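A short worksheet on the structure shown next.
The values are calculated or read from the model by the stated rules, or taken from the named source; none is laboratory data. If you're wondering where the values come from, they're calculated on a predicted model, not measured in any experiment. Cβ atoms come from the backbone with ideal geometry, glycine included; neighbour counts cover every protein chain shown.
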Amino acid sequence: MKNLSIIMLLFIAGMGCKPKVISGKELENKLMETMSDYLKKSSTTGAEFEVKSVNYFPNADKKLYDCEFSVLMHLKNRDTIGIMKAQITNDFKKVDRIQ
């Protein structure tokens, strides 16, 4: 009985450690949040960025997302909207801006 409870405890702990796979709207929101955080940290011009939308697909090696963001940029005397491209890792910790 003791061995069975230890096995069950290890099984439950193993299932809890498995990373949750997200998709759909939740994935879009996480990608937009990650890019927004990256832009806030890397901005040196004093501009404010607002990520409006994202188009994405998994990279061929399945470790990255290739993303294209529609971004509204606010400067002191003007606003503009543009496209930014980036690759974001599956764990959302690293952003490599392409364009």
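Set side by side, the residues Lys18, Lys52 differ, and just one is over 16 Å from Ile98 (Cβ atoms), of a type outside the set (Phe, Trp, Tyr) and at pLDDT 80 or above, which is Lys52. Here is the figure for the stretch 41-52: residues that are charged (D, E, K, R), part of a strand (DSSP E or B) and under 18 Å from the mean Cα position of the chain (by Cα) total 2.
Residues in the stretch 63-91 that are assigned to a loop (DSSP other than H, G, I, E, B) and closer than 28 Å to Val21 by Cβ: 3 in all. The numbered conditions (1) in a strand (DSSP E or B); (2) touching a helix residue (DSSP H, G or I) at 6+ places or on another chain (Cβ under 8 Å) are all true for Asn55 except (2).
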